[in-house]
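Engineer: Below is the structure I would like to discuss, written out as structure tokens.
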Amino acid sequence: MTHSTRFMPILLILIALFLGACGANEDATPTAPAIVQEPINPLPEVTLTATLTVTPSATLSPTVQPTDAIPTATATSTETALPTESPTPTPTEGPWTYTIRDGDTLISIIQQDPFNYRNTDVIPAIVRLNNLFSADILPPAGQTILIPRPTIT
């Protein structure tokens, strides 16, 4: 027996085992795995519509030109005069006059009618207007002081 004939049965057994393990007994036609393709949605159809609105802004009038000249058009515009009415200013009224009574304070005075001030911001103006020494010291009862009117700011 030669060397190659001794290994022949072993080689045939190994090939048979290999083919059995690989599925050689099954259909020999190779098949690719199934690929699931989703349908491709086409892009939505877009329709564009253009609307053109023309508003004339000038009146064109043709001019007569010699036959070899190019015709031209001239624009005519109409100006609208602005109103000339100006508001009449109203004169600013002067300050109110108040006669001091016993027990009055500047805070109690400015809260009365017709003054009706809601805060004490006017007190420094009253002190300056009446040349008072202090907001806490008023002239005696029967004297008059001036109370400024509110101004529009």
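The values are calculated or read from the model by the stated rules, or taken from the named source; none is laboratory data. All values reported here derive from a predicted model rather than from experimental measurement. Virtual Cβ from ideal backbone geometry, glycine too; neighbours counted across all protein chains shown. Only protein heavy atoms, including side chains, enter the accessible area calculation; ligands, DNA and RNA are left aside. Shrake-Rupley method; radii C 1.70, N 1.55, O 1.52, S 1.80 Å.
Engineer: Where residues in segment 118-153 are part of a loop (DSSP other than H, G, I, E, B) and closer than 17 Å to Gly94 by Cβ, which of them is most open to solvent (accessible area, probe 1.4 Å)? Spell out how you get there, then give the answer.
Structural biologist: So in segment 118-153, the residues part of a loop (DSSP other than H, G, I, E, B) come out as 118-122, 130-133, 135-136, 138-143, 148-153.
Checking the rest, the ones that are also closer than 17 Å to Gly94 by Cβ come to 122, 130-131, 148-152.
Numbers: Val122: 17, Asn130: 34, Asn131: 135, Pro148: 28, Arg149: 74, Pro150: 87, Thr151: 106, Ile152: 171 Å².
Filtering first and then ranking leaves Ile152.
Engineer: Name the pairs whose Cβ atoms lie under 6 Å apart, with the first residue in segment 127-153 and touching a residue at least 40 places away in the same chain (Cβ under 8 Å), the second surrounded by fewer than 16 Cβ atoms within 10 Å (Cβ to Cβ) and among the basic types (Lys, Arg), and 6 or more positions between them or separate chains?
Structural biologist: From residues that are touching a residue at least 40 places away in the same chain (Cβ under 8 Å), the pairs are Ala141/Arg101.
Engineer: Moving on to the next point. Take the residues in segment 71-101 that are within 27 Å of Ala125 (Cβ to Cβ) and open to solvent by 100 Å² or more (accessible area, probe 1.4 Å); name whichever of them is modelled with the highest pLDDT. It would help to see each step written out before you state the result.
Structural biologist: Initially, segment 71-101 is screened for residues within 27 Å of Ala125 (Cβ to Cβ), giving 89-101.
Those still in the list that are open to solvent by 100 Å² or more (accessible area, probe 1.4 Å) too: 89-93, 101.
Details: Pro89: 76, Thr90: 75, Pro91: 76, Thr92: 75, Glu93: 83, Arg101: 95.
Among those residues, the one meeting the criterion is Arg101.
Engineer: Looking only at residues that are in a loop (DSSP other than H, G, I, E, B) and touching a helix residue (DSSP H, G or I) at 6+ places or on another chain (Cβ under 9 Å) in segment 102-117, which one is surrounded by the most Cβ atoms within 10 Å (Cβ to Cβ)?
Structural biologist: The first filter runs over segment 102-117 and keeps only residues in a loop (DSSP other than H, G, I, E, B), leaving 102-105, 111-117.
Still in the running and touching a helix residue (DSSP H, G or I) at 6+ places or on another chain (Cβ under 9 Å): 115-117.
Working: Phe115: 16, Asn116: 9, Tyr117: 18.
Ranking the candidates gives Tyr117 first.
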